[in-house]
Amino acid sequence: MTSARHTPPSRRWLLPPRPDGHRLPAHLSAPAVQLLLSRGIGDGATLERFLDPPDVPYPADTLPGVDAALPRLATAVRSRETVAVFGDFDVDGITGAAILCETLQRLGARVIPYLPDPVAEGHGMTPLAVERLVSQGASLIVTVDSGVSNSAEVALAKQKGTEVVITDHHVPPPQLPDAVAIVNPRMTGNQYPFPELCGAGIAYKLSAALLSYLGQPDDPTLLELAALGTIADLVPLRDENRHIVRRGLEMLPFTTRPGLRALLRRVNLANHPIRAEHVSFQIAPRLNSSGRMAHPETSLNLLLTADEREGERLTTQLEQYNSRRRDLTARSCDIAIEQVTASSPLPAIIITYDEAYTPGINGLIAGRLTELFNRPSIALARADADHLVASARSAGDFSLINAISQCDDLLVRYGGHQAAAGFTVRNEHYNDVANRLTGIANAQIGLFGSEPSLEIHAEGTLDELLSPAMAELCARLEPFGKDNPVPRYLTRGVRVTNAGYVGANGQHLKLQVSGGGRSIDALAWNHPGDWGGYEAADLVFQLAADRYRGERRPYLRIDDLRPAV
């Protein structure tokens, strides 16, 4: 499939802070100082706290709700009750569900895993799901990454004699469900030192607390799953999240889970060090693909299987889903970008719909539009004959959930947070919702800039940016993710010694550049159109690497380039 090339809007370069006015170690180079200042680290003590947060991990039994959850869970496993684990269809919800399923099964409970259908059910509990789990004999439902907004569904379960323990990391509403326990670090009055855990992180903490409560040894391999969910859910990779991800990634290459081993082999990461970016770009998309293209149970089964053959079969299934997802996303993004570029001026909020879109890739379309045009974006797809389902991504400080909640009288359901949200709307209300959201965005357009921007964390020569000292600092700063982004560098005036387009459809620009006695390849993935043929260029890039015949080869992954001034 050949994807059309679209020239994106120009991006404003946000230059790094000046390397002065700090109290960092004197031996650090100017680019190294800039890199640290760009993430709010201006002195040696702050640097040490960031690299090795004190008192981490925090005691699991200090999480709000854990003290009420443990006795009920202990009763369930001692009595061999049937416990339903109700997860979610993204990587966070899938890995969190796997953590609790493994733990409860190990302790003796009969476990029913349940992940909602992304289209028919959406996020959170539904009355139909409750009815189904009660009919299967569940005397206890434990939620993961959901439930804190499901008062009606919890009441229905209680009416039918089934109790509920909620684990969630979303902001609780004013009216809380009448659950046995709500394990959530965002509860009012919370004293837990770090409220930014994701659903899988909370599931891990609860599992660790339960094992300790019952006098069982800890299971550190659960950190493999917690790390995947933490990276994929884009929570800040600081403090306890940094600890979870670092330890989980250290263990992941040695996992004994057959499904994960098969998946790592498929993406050529078996027996190799695994970084957060490998999870973001190779592992998480495959785990997400089953929910986008079919049902997320394939990914959960992959994490839970104890059978090597089944692990290989499920990995092959995920690979097929992911391939279809890539093709469909590319075609749909082309359609969406053409719609946007055909309209002038650029609207305050981008709202796009096409019959080619599917609910599973709405979020990818919206994310791509926000990245290209620096506007909050909403992509809608047909859910059934009467309804459209939407996914939204924000730009700047514009709060999607605040805007969408102002349309609640027109929506079937909605949910999310500031940066990402979704809703379902009946066909006849679509135009009214679009008009209302446009009015809200018009009034708040100052919350996002007039043009896309590119944040640069350090500037220097190729020798400075690719030096061993800089590589050592970056290794200490890993894992990279939200609030600790992969370093993005600017180097000026590099000489372009070779250039051409590569890839199956000639869609990637490949350069060879040199400066200061160093020569290196540089790639701009899916580069639009003719690149300009510059003899010398200013490059904004991230340092990446691929493997060739077992050797790791570094290259520059180009984010933007301009002719050298």
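The values are calculated or read from the model by the stated rules, or taken from the named source; none is laboratory data. Keep in mind the model is a prediction, meaning the values are calculated, not measured. To get the accessible areas, we keep the full protein, side chains included, count just its heavy atoms, and leave off ligands, DNA and RNA. Shrake-Rupley method; radii C 1.70, N 1.55, O 1.52, S 1.80 Å.
Side notes on the structure shown:
- Averaging the sequence gap over all C-alpha pairs within less than 8 Å and six or more residues apart, then dividing by the number of residues, gives the range 335-437 a relative contact order of 21 percent.
- At a probe radius of 1.4 angstrom, the accessible area of the range 222-372 per residue rounds to 39 square angstrom.
- Cross-link reach list, lysines versus K160, counting only Cα pairs under 30 Å and skipping chain neighbours closer than eight places: K205
- Between 0 and 90°, nearest 10: helix 362-373 axis offset from the chain longest Cα axis: 30 degrees
- Value of relative contact order over the chain, rounded to a whole percent, pairs C-alpha under 8 Å and six or more apart: 13 percent
- Rounded to the nearest 10 degrees, the inclination of helix 66-78 to the longest alpha-carbon principal axis of the chain is 60 degrees.
- If you wrap the Cα atoms of the range 1-146 in a convex hull and average its projected area over all directions, you get 16.5 nm².
- Full-stretch length increase - N431, L214 - with 0.36 nm per residue and alpha-carbon distance subtracted: 72.6 nm
- The range 223-265 and the range 34-59 have Cα centres separated by 21 Å.
- Isotropic mean projected area of the C-alpha convex hull, the range 126-241 (nm²): 8.2 nm²
- Working from Cα pairs under 8 Å separated by at least six residues, relative contact order for the range 209-310 is 26 percent.
- The range 197-268: mean projected area of Cα convex hull, nm²: 5.1 nm²
- Ignoring aspartates and glutamates fewer than eight residues from K482 along the same chain, the ones with Cα atoms less than 17 angstrom from its Cα are D92, E196, D233, D239, E240, E277, E371, D397, E455.
- Translational diffusion coefficient (Stokes-Einstein; Kirkwood radius from C-alpha pairs) of the chain at 10 °C, 1.306 mPa s, in µm²/s: 63 µm²/s
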